[in-house]
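For reference, the structure is listed below as C-alpha coordinates.
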Amino acid sequence: MDAEVSENIIIVTAKAPVNIAVVKYWGKRNEELILPLHDSISTTLSTQQMYAETTVMIRQSFQEDRMWLNGKIEDINNVRIQNCLQGVRKLAREKLSDKDQDLSFLDWHIHICSRNNFPTAAGLASSAAGYACLVFTLGKAFGLDAVNLTHIARQGSGSACRSMNGGFVQWRAGKKEDGSDSLAEQVAPEDHWPEMHVLVLVVNASKKETGSTSGMDLSVKTSEFLKHRTNSIVPKRIESMRKAIKEKDFHSFAELTMKDSNQFHSVCQDTYPPIRYMNEISWAIVDLVHQYNTFYDRNKVAYTFDAGPNACLYVLEQDVAEIVSLICLRFPPASNNPAQFCVGLPINPAEEISRDLMSALKFSHSSGALQYIVHTKVGSGPEVTNSHLLDGKGLPKVYQTEC
Ligand code: PMV
(Lines give C-alpha, C1' and ligand atoms only; values in the text may rest on other atoms or scores of the structure.)
Protein backbone atom coordinates (compact mmCIF):
# COMPACT_ATOMS: atom_id res chain seq x y z
CA MET A 1 0.00 0.00 0.00
CA ASP A 2 1.46 3.38 -1.05
CA ALA A 3 -0.81 5.65 1.00
CA GLU A 4 0.45 6.93 4.35
CA VAL A 5 -2.12 5.78 6.87
CA SER A 6 -2.24 6.94 10.46
CA GLU A 7 -5.17 6.99 12.85
CA ASN A 8 -8.04 8.82 11.13
CA ILE A 9 -5.91 10.18 8.24
CA ILE A 10 -4.96 8.75 4.85
CA ILE A 11 -2.69 10.81 2.57
CA VAL A 12 -1.17 10.00 -0.79
CA THR A 13 0.44 12.03 -3.58
CA ALA A 14 1.13 10.97 -7.16
CA LYS A 15 2.31 12.29 -10.51
CA ALA A 16 0.68 11.36 -13.81
CA PRO A 17 1.82 11.86 -17.40
CA VAL A 18 0.48 13.63 -20.45
CA ASN A 19 -0.34 11.46 -23.45
CA ILE A 20 -0.38 12.50 -27.10
CA ALA A 21 -2.57 10.55 -29.50
CA VAL A 22 -1.14 9.26 -32.76
CA VAL A 23 -4.52 7.84 -33.78
CA LYS A 24 -6.92 10.44 -32.41
CA TYR A 25 -10.05 10.02 -30.35
CA TRP A 26 -12.76 12.40 -31.56
CA GLY A 27 -16.43 11.63 -30.98
CA LYS A 28 -18.46 9.76 -28.38
CA ARG A 29 -21.07 7.01 -28.78
CA ASN A 30 -22.27 7.71 -25.23
CA GLU A 31 -21.74 11.19 -23.80
CA GLU A 32 -22.61 10.40 -20.21
CA LEU A 33 -20.27 7.42 -19.85
CA ILE A 34 -17.69 8.95 -22.21
CA LEU A 35 -17.57 6.02 -24.61
CA PRO A 36 -15.72 6.74 -27.85
CA LEU A 37 -16.88 6.02 -31.38
CA HIS A 38 -13.65 4.19 -32.16
CA ASP A 39 -10.28 3.07 -30.75
CA SER A 40 -7.33 5.45 -30.36
CA ILE A 41 -3.58 5.04 -29.70
CA SER A 42 -1.22 7.39 -27.88
CA THR A 43 2.25 7.65 -26.45
CA THR A 44 2.70 8.53 -22.82
CA LEU A 45 5.23 11.32 -22.24
CA SER A 46 7.81 11.22 -19.49
CA THR A 47 6.79 12.81 -16.17
CA GLN A 48 10.37 14.12 -15.92
CA GLN A 49 9.26 17.07 -18.04
CA MET A 50 5.46 17.40 -18.00
CA TYR A 51 3.10 16.10 -15.36
CA ALA A 52 0.03 16.59 -13.23
CA GLU A 53 0.47 16.14 -9.49
CA THR A 54 -2.27 15.43 -6.95
CA THR A 55 -2.47 14.97 -3.20
CA VAL A 56 -5.51 13.30 -1.68
CA MET A 57 -6.16 13.48 2.07
CA ILE A 58 -9.03 11.56 3.63
CA ARG A 59 -9.70 12.43 7.24
CA GLN A 60 -12.37 11.62 9.77
CA SER A 61 -12.44 15.19 11.12
CA PHE A 62 -12.96 16.96 7.75
CA GLN A 63 -16.32 18.73 7.58
CA GLU A 64 -16.71 18.76 3.79
CA ASP A 65 -15.07 17.67 0.54
CA ARG A 66 -12.79 20.37 -0.92
CA MET A 67 -10.56 20.71 -3.96
CA TRP A 68 -7.88 23.10 -5.21
CA LEU A 69 -6.57 23.15 -8.79
CA ASN A 70 -3.45 25.14 -9.69
CA GLY A 71 -3.79 27.15 -6.48
CA LYS A 72 -7.44 28.06 -6.90
CA ILE A 73 -10.52 26.59 -5.28
CA GLU A 74 -12.20 24.17 -7.68
CA ASP A 75 -15.87 23.13 -7.56
CA ILE A 76 -15.66 19.57 -6.31
CA ASN A 77 -19.31 19.03 -7.31
CA ASN A 78 -18.31 19.26 -10.96
CA VAL A 79 -19.94 16.23 -12.61
CA ARG A 80 -16.73 14.77 -13.98
CA ILE A 81 -14.86 15.10 -10.70
CA GLN A 82 -17.82 13.48 -8.91
CA ASN A 83 -17.89 10.65 -11.46
CA CYS A 84 -14.27 9.88 -10.61
CA LEU A 85 -14.69 10.27 -6.87
CA GLN A 86 -17.87 8.22 -6.64
CA GLY A 87 -16.55 5.69 -9.14
CA VAL A 88 -13.47 4.96 -7.02
CA ARG A 89 -15.46 4.92 -3.76
CA LYS A 90 -18.01 2.47 -5.20
CA LEU A 91 -15.30 0.19 -6.57
CA ALA A 92 -13.47 0.28 -3.24
CA ARG A 93 -16.66 -0.73 -1.43
CA GLU A 94 -17.13 -3.67 -3.81
CA LYS A 95 -13.51 -4.85 -3.76
CA LEU A 96 -12.89 -4.42 -0.05
CA SER A 97 -16.22 -5.61 1.34
CA ASP A 98 -15.19 -9.27 1.50
CA LYS A 99 -12.01 -8.39 3.38
CA ASP A 100 -12.10 -8.24 7.14
CA GLN A 101 -11.53 -4.49 7.24
CA ASP A 102 -13.20 -1.44 8.78
CA LEU A 103 -14.62 0.47 5.79
CA SER A 104 -15.76 3.59 7.66
CA PHE A 105 -13.00 5.61 5.92
CA LEU A 106 -15.03 5.35 2.71
CA ASP A 107 -17.47 7.85 4.24
CA TRP A 108 -14.90 10.36 5.51
CA HIS A 109 -14.57 13.68 3.70
CA ILE A 110 -11.73 14.31 1.31
CA HIS A 111 -9.40 17.19 0.42
CA ILE A 112 -7.78 17.16 -3.02
CA CYS A 113 -5.02 19.47 -4.26
CA SER A 114 -3.86 19.22 -7.84
CA ARG A 115 -1.55 21.11 -10.18
CA ASN A 116 -0.02 20.86 -13.63
CA ASN A 117 3.52 21.98 -14.37
CA PHE A 118 2.43 23.18 -17.85
CA PRO A 119 -0.43 25.38 -19.16
CA THR A 120 -3.95 24.11 -18.48
CA ALA A 121 -6.47 23.73 -21.34
CA ALA A 122 -4.09 24.92 -24.06
CA GLY A 123 -4.36 21.76 -26.16
CA LEU A 124 -1.52 20.20 -24.17
CA ALA A 125 -3.55 17.30 -22.76
CA SER A 126 -3.68 18.84 -19.29
CA SER A 127 -7.08 17.33 -18.51
CA ALA A 128 -5.86 13.86 -19.46
CA ALA A 129 -2.92 14.08 -17.06
CA GLY A 130 -5.09 15.76 -14.40
CA TYR A 131 -7.91 13.18 -14.36
CA ALA A 132 -5.50 10.25 -14.65
CA CYS A 133 -3.65 11.65 -11.65
CA LEU A 134 -6.86 12.18 -9.69
CA VAL A 135 -8.11 8.63 -10.28
CA PHE A 136 -4.72 7.00 -9.71
CA THR A 137 -4.23 8.89 -6.43
CA LEU A 138 -7.79 8.15 -5.25
CA GLY A 139 -7.23 4.49 -6.10
CA LYS A 140 -4.11 4.40 -3.93
CA ALA A 141 -5.86 6.27 -1.09
CA PHE A 142 -8.78 3.83 -1.11
CA GLY A 143 -6.54 0.77 -1.28
CA LEU A 144 -7.25 -0.20 -4.89
CA ASP A 145 -3.71 -1.23 -5.76
CA ALA A 146 -3.32 -3.20 -8.98
CA VAL A 147 -6.94 -2.63 -10.03
CA ASN A 148 -7.60 -1.38 -13.58
CA LEU A 149 -9.12 2.08 -13.08
CA THR A 150 -8.99 3.22 -16.71
CA HIS A 151 -12.80 3.02 -17.02
CA ILE A 152 -13.11 5.53 -14.17
CA ALA A 153 -10.39 7.88 -15.51
CA ARG A 154 -12.24 7.78 -18.85
CA GLN A 155 -15.24 9.36 -17.13
CA GLY A 156 -13.17 12.39 -16.11
CA SER A 157 -11.80 13.05 -19.57
CA GLY A 158 -11.89 10.37 -22.27
CA SER A 159 -8.21 10.55 -23.16
CA ALA A 160 -7.27 10.38 -19.44
CA CYS A 161 -7.66 6.59 -19.53
CA ARG A 162 -4.59 6.38 -21.79
CA SER A 163 -2.46 8.31 -19.24
CA MET A 164 -3.01 5.49 -16.73
CA ASN A 165 -0.37 3.44 -18.58
CA GLY A 166 3.18 4.13 -19.70
CA GLY A 167 4.67 3.56 -23.16
CA PHE A 168 2.35 3.11 -26.15
CA VAL A 169 -1.30 2.77 -25.22
CA GLN A 170 -4.51 1.77 -27.01
CA TRP A 171 -7.93 2.80 -25.76
CA ARG A 172 -10.38 0.17 -26.98
CA ALA A 173 -13.77 1.67 -27.72
CA GLY A 174 -15.51 -1.50 -26.55
CA LYS A 175 -18.99 -2.61 -27.58
CA LYS A 176 -20.92 -2.94 -24.33
CA GLU A 177 -23.61 -0.42 -23.44
CA ASP A 178 -22.31 0.00 -19.88
CA GLY A 179 -18.77 0.74 -21.12
CA SER A 180 -17.18 -2.01 -19.03
CA ASP A 181 -15.07 -3.10 -22.03
CA SER A 182 -13.96 0.45 -22.94
CA LEU A 183 -10.50 0.22 -21.37
CA ALA A 184 -6.96 1.40 -22.09
CA GLU A 185 -4.19 -1.18 -22.51
CA GLN A 186 -0.49 -1.02 -23.20
CA VAL A 187 0.60 -1.83 -26.77
CA ALA A 188 4.28 -1.65 -25.78
CA PRO A 189 6.08 -0.55 -22.60
CA GLU A 190 8.10 2.67 -22.23
CA ASP A 191 11.46 0.92 -22.74
CA HIS A 192 10.33 -0.73 -26.01
CA TRP A 193 11.50 2.12 -28.26
CA PRO A 194 13.87 4.26 -26.16
CA GLU A 195 15.06 6.25 -29.18
CA MET A 196 11.59 7.75 -29.57
CA HIS A 197 11.84 11.40 -28.53
CA VAL A 198 9.21 14.10 -28.52
CA LEU A 199 9.38 17.86 -29.04
CA VAL A 200 6.40 19.85 -27.84
CA LEU A 201 6.30 23.17 -29.69
CA VAL A 202 4.24 25.62 -27.69
CA VAL A 203 2.76 28.00 -30.23
CA ASN A 204 0.24 29.70 -28.05
CA ALA A 205 -0.29 28.76 -24.44
CA SER A 206 -3.54 30.68 -23.99
CA LYS A 207 -6.83 28.84 -23.38
CA LYS A 208 -8.37 27.23 -26.46
CA GLU A 209 -11.61 28.61 -27.90
CA THR A 210 -13.59 25.41 -28.52
CA GLY A 211 -13.16 22.79 -25.83
CA SER A 212 -12.81 19.18 -26.95
CA THR A 213 -16.15 18.16 -25.38
CA SER A 214 -18.30 20.66 -27.26
CA GLY A 215 -16.12 20.35 -30.38
CA MET A 216 -16.47 16.60 -30.70
CA ASP A 217 -20.18 16.67 -29.87
CA LEU A 218 -20.72 19.07 -32.75
CA SER A 219 -18.64 16.85 -35.05
CA VAL A 220 -20.72 13.78 -34.11
CA LYS A 221 -23.90 15.69 -34.92
CA THR A 222 -22.80 17.27 -38.18
CA SER A 223 -19.79 15.57 -39.81
CA GLU A 224 -20.44 12.86 -42.40
CA PHE A 225 -16.70 12.51 -42.74
CA LEU A 226 -16.43 11.45 -39.08
CA LYS A 227 -18.75 8.50 -39.84
CA HIS A 228 -16.51 7.44 -42.72
CA ARG A 229 -13.40 7.85 -40.55
CA THR A 230 -14.97 5.75 -37.77
CA ASN A 231 -16.20 2.92 -39.96
CA SER A 232 -13.72 2.71 -42.79
CA ILE A 233 -10.43 4.29 -41.75
CA VAL A 234 -9.66 3.99 -38.07
CA PRO A 235 -9.98 0.17 -37.71
CA LYS A 236 -7.25 -0.45 -40.34
CA ARG A 237 -5.17 2.46 -39.13
CA ILE A 238 -5.15 1.09 -35.57
CA GLU A 239 -3.79 -2.23 -36.84
CA SER A 240 -1.13 -0.51 -38.97
CA MET A 241 -0.10 1.70 -36.06
CA ARG A 242 0.20 -1.26 -33.68
CA LYS A 243 2.42 -3.00 -36.26
CA ALA A 244 4.61 0.09 -36.78
CA ILE A 245 5.08 0.43 -33.02
CA LYS A 246 5.82 -3.25 -32.47
CA GLU A 247 8.32 -3.33 -35.35
CA LYS A 248 9.79 0.08 -34.42
CA ASP A 249 9.19 1.18 -38.00
CA PHE A 250 9.58 4.97 -37.68
CA HIS A 251 8.83 5.77 -41.31
CA SER A 252 5.38 4.12 -41.11
CA PHE A 253 4.73 5.40 -37.58
CA ALA A 254 5.40 8.94 -38.77
CA GLU A 255 3.23 8.68 -41.87
CA LEU A 256 0.28 7.24 -39.94
CA THR A 257 0.67 9.87 -37.21
CA MET A 258 0.72 12.81 -39.63
CA LYS A 259 -2.15 11.45 -41.73
CA ASP A 260 -4.26 10.89 -38.65
CA SER A 261 -3.61 14.39 -37.32
CA ASN A 262 -4.55 15.82 -40.71
CA GLN A 263 -7.69 13.72 -40.82
CA PHE A 264 -8.77 14.79 -37.35
CA HIS A 265 -8.42 18.46 -38.37
CA SER A 266 -10.30 17.71 -41.60
CA VAL A 267 -13.16 16.34 -39.51
CA CYS A 268 -13.05 19.60 -37.55
CA GLN A 269 -13.31 21.49 -40.81
CA ASP A 270 -16.17 19.23 -41.95
CA THR A 271 -18.02 20.04 -38.71
CA TYR A 272 -20.79 22.57 -39.14
CA PRO A 273 -20.06 25.34 -38.23
CA PRO A 274 -16.39 24.41 -38.74
CA ILE A 275 -13.88 24.25 -35.91
CA ARG A 276 -10.35 25.52 -36.38
CA TYR A 277 -7.60 24.59 -33.95
CA MET A 278 -4.45 24.98 -36.05
CA ASN A 279 -3.20 28.45 -36.91
CA GLU A 280 -0.67 29.85 -39.41
CA ILE A 281 2.27 28.87 -37.26
CA SER A 282 0.93 25.31 -36.97
CA TRP A 283 0.79 25.12 -40.79
CA ALA A 284 4.31 26.55 -41.07
CA ILE A 285 5.47 23.68 -38.85
CA VAL A 286 3.65 21.17 -41.11
CA ASP A 287 5.42 22.63 -44.16
CA LEU A 288 8.83 22.54 -42.49
CA VAL A 289 8.39 18.88 -41.50
CA HIS A 290 7.36 17.82 -45.02
CA GLN A 291 10.21 19.73 -46.65
CA TYR A 292 12.67 18.13 -44.24
CA ASN A 293 11.32 14.60 -44.83
CA THR A 294 11.29 15.16 -48.60
CA PHE A 295 14.95 16.21 -48.51
CA TYR A 296 15.91 12.93 -46.81
CA ASP A 297 13.45 10.92 -48.90
CA ARG A 298 12.03 9.27 -45.77
CA ASN A 299 10.17 10.33 -42.66
CA LYS A 300 12.61 11.51 -40.01
CA VAL A 301 10.08 13.59 -38.09
CA ALA A 302 6.29 13.53 -37.62
CA TYR A 303 3.90 16.22 -36.43
CA THR A 304 0.60 15.88 -34.67
CA PHE A 305 -1.82 18.55 -33.40
CA ASP A 306 -4.59 18.16 -30.82
CA ALA A 307 -7.38 20.62 -30.04
CA GLY A 308 -5.08 23.63 -30.19
CA PRO A 309 -2.32 25.18 -32.31
CA ASN A 310 0.64 23.57 -30.47
CA ALA A 311 2.62 20.91 -32.31
CA CYS A 312 3.97 17.68 -30.97
CA LEU A 313 6.86 16.29 -33.03
CA TYR A 314 8.02 12.68 -32.88
CA VAL A 315 11.67 12.28 -33.78
CA LEU A 316 14.34 9.66 -33.16
CA GLU A 317 17.04 10.66 -30.69
CA GLN A 318 19.80 10.84 -33.31
CA ASP A 319 17.88 13.51 -35.27
CA VAL A 320 16.80 15.75 -32.38
CA ALA A 321 19.75 18.17 -32.58
CA GLU A 322 19.35 18.84 -36.30
CA ILE A 323 15.57 19.29 -36.07
CA VAL A 324 15.85 21.65 -33.10
CA SER A 325 18.50 23.71 -34.93
CA LEU A 326 16.15 24.01 -37.88
CA ILE A 327 13.20 24.98 -35.71
CA CYS A 328 15.31 27.63 -34.00
CA LEU A 329 16.32 29.03 -37.40
CA ARG A 330 12.78 28.99 -38.79
CA PHE A 331 11.13 30.24 -35.56
CA PRO A 332 13.84 32.19 -33.71
CA PRO A 333 13.08 32.84 -30.05
CA ALA A 334 11.81 36.31 -29.22
CA SER A 335 14.20 36.63 -26.31
CA ASN A 336 17.83 35.75 -26.85
CA ASN A 337 17.88 33.38 -23.92
CA PRO A 338 18.16 29.88 -25.44
CA ALA A 339 18.08 28.24 -22.01
CA GLN A 340 14.45 29.27 -21.62
CA PHE A 341 13.48 28.54 -25.21
CA CYS A 342 14.41 24.84 -25.14
CA VAL A 343 13.51 23.17 -21.89
CA GLY A 344 13.53 19.54 -20.81
CA LEU A 345 16.06 16.93 -21.85
CA PRO A 346 19.41 18.40 -22.87
CA ILE A 347 20.04 18.80 -26.59
CA ASN A 348 23.48 18.15 -28.02
CA PRO A 349 25.21 21.23 -29.42
CA ALA A 350 23.55 22.31 -32.65
CA GLU A 351 24.94 20.63 -35.68
CA GLU A 352 26.04 22.60 -38.69
CA ILE A 353 23.11 22.37 -41.09
CA SER A 354 24.34 21.35 -44.52
CA ARG A 355 24.13 23.83 -47.40
CA ASP A 356 22.15 21.30 -49.42
CA LEU A 357 19.53 21.03 -46.71
CA MET A 358 19.35 24.78 -46.24
CA SER A 359 18.86 25.40 -49.92
CA ALA A 360 16.23 22.64 -50.17
CA LEU A 361 14.11 24.31 -47.50
CA LYS A 362 12.04 27.31 -48.45
CA PHE A 363 13.10 29.39 -45.55
CA SER A 364 11.60 32.43 -43.97
CA HIS A 365 11.87 33.46 -40.32
CA SER A 366 8.95 33.89 -37.94
CA SER A 367 10.58 35.42 -34.93
CA GLY A 368 8.74 34.95 -31.62
CA ALA A 369 6.17 32.58 -33.16
CA LEU A 370 7.01 29.84 -30.67
CA GLN A 371 6.93 30.46 -26.97
CA TYR A 372 9.14 27.51 -26.07
CA ILE A 373 10.02 23.92 -26.92
CA VAL A 374 9.88 21.01 -24.48
CA HIS A 375 12.23 18.14 -25.29
CA THR A 376 10.95 14.91 -23.76
CA LYS A 377 10.54 11.21 -24.52
CA VAL A 378 8.15 8.34 -24.04
CA GLY A 379 7.78 7.54 -20.36
CA SER A 380 6.06 5.49 -17.71
CA GLY A 381 2.60 5.71 -16.17
CA PRO A 382 1.51 7.42 -12.92
CA GLU A 383 3.57 6.92 -9.80
CA VAL A 384 3.38 7.72 -6.11
CA THR A 385 5.68 10.48 -4.79
CA ASN A 386 6.29 11.69 -1.28
CA SER A 387 6.09 15.48 -1.48
CA HIS A 388 2.53 16.30 -0.51
CA LEU A 389 0.74 19.40 -1.80
CA LEU A 390 -1.44 19.57 1.36
CA ASP A 391 -0.15 20.48 4.81
CA GLY A 392 -0.96 18.72 8.10
CA LYS A 393 -4.31 20.49 8.30
CA GLY A 394 -5.26 19.45 4.79
CA LEU A 395 -4.78 22.90 3.24
CA PRO A 396 -2.62 23.68 0.17
CA LYS A 397 1.00 24.27 1.15
CA VAL A 398 1.53 26.87 -1.55
CA TYR A 399 -1.08 28.87 -3.39
CA GLN A 400 0.17 29.01 -6.94
CA THR A 401 -1.67 30.89 -9.59
CA GLU A 402 0.64 29.61 -12.26
CA CYS A 403 2.88 26.60 -12.30
O1 PMV B 1 -10.21 13.59 -23.66
P2 PMV B 1 -10.57 14.87 -24.28
O3 PMV B 1 -12.01 15.17 -24.13
O4 PMV B 1 -9.69 15.99 -23.78
O5 PMV B 1 -10.34 14.77 -25.87
C6 PMV B 1 -9.07 14.65 -26.43
C7 PMV B 1 -9.14 14.83 -27.89
C8 PMV B 1 -7.81 14.94 -28.62
O9 PMV B 1 -6.79 15.37 -27.76
C10 PMV B 1 -7.95 15.96 -29.73
C11 PMV B 1 -7.43 13.62 -29.27
C12 PMV B 1 -6.91 12.55 -28.36
O13 PMV B 1 -7.12 11.37 -28.70
O14 PMV B 1 -6.26 12.85 -27.35
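The values are calculated or read from the model by the stated rules, or taken from the named source; none is laboratory data. Owing to the predicted nature of the structure, the values given are computational and were not obtained by experimental measurement. For neighbour counting, all protein chains shown are included, and Cβ atoms are generated from backbone atoms with ideal geometry for every residue, glycine included. Only protein heavy atoms, including side chains, enter the accessible area calculation; ligands, DNA and RNA are left aside. Shrake-Rupley method; radii C 1.70, N 1.55, O 1.52, S 1.80 Å.
Residues that are touching an Asp or Glu at 6+ places or on another chain (Cβ under 9 Å) and under 30 Å from Ser282 (Cα atoms) do not occur anywhere in region 76-85.
Within the option set Ser114, Ser40, Ser104, being of a type in the set (S, T, N, Q) and at pLDDT below 95 holds for one residue only, Ser104.
Among the residues of region 197-254, those that are touching a residue at least 60 places away in the same chain (Cβ under 8 Å) and farther than 28 Å from Ile281 by Cα comprise Thr230, Pro235, Ile238, Arg242, Ile245.
In the set Phe136, Phe142, only one residue is open to solvent by 30 Å² or more (accessible area, probe 1.4 Å) and in contact with a strand residue (DSSP E or B) (Cβ under 9 Å, 6 or more places away or on another chain); that residue is Phe136. Annotation: of all residues in region 15-38 being open to solvent by 20 Å² or more (accessible area, probe 1.4 Å) and more than 10 Å from the ligand (Cβ to nearest atom), the one that is nearest to Thr150 (Cα to Cα) is Leu33. Could you check region 157-181 and list, in sequence order, the residues that are more than 13 Å from the ligand (Cβ to nearest atom) and polar (S, T, N, Q)? Correct list: Asn165, Ser180.
From the set of residues in region 210-227 that are part of a helix (DSSP H, G or I), farther than 21 Å from Val79 by Cβ and of a type in the set (S, T, N, Q), which is nearest to the ligand (Cβ to nearest atom)? Break it down stepwise before answering.
First, pick out the residues of region 210-227 that are part of a helix (DSSP H, G or I): 212-222, 224-227.
Okay, now just the ones that are also farther than 21 Å from Val79 by Cβ, so 219, 222, 224-227.
Imposing the further condition that a residue be of a type in the set (S, T, N, Q) reduces the set to 219, 222.
Numbers: Ser219: 11, Thr222: 17 Å.
Checking each candidate, the answer is Ser219.
In the set (1) more than 16 Å from the ligand (Cβ to nearest atom); (2) crowded, with 20+ Cβ neighbours inside 10 Å; (3) aliphatic (A, V, I, L, M), the condition left unmet by Ala188 is number (2). Taking the conditions (1) more than 14 Å from the ligand (Cβ to nearest atom); (2) touching an Asp or Glu at 6+ places or on another chain (Cβ under 7 Å); (3) under 24 Å from Thr294 (Cβ atoms) in turn, Met258 satisfies each one other than (2).
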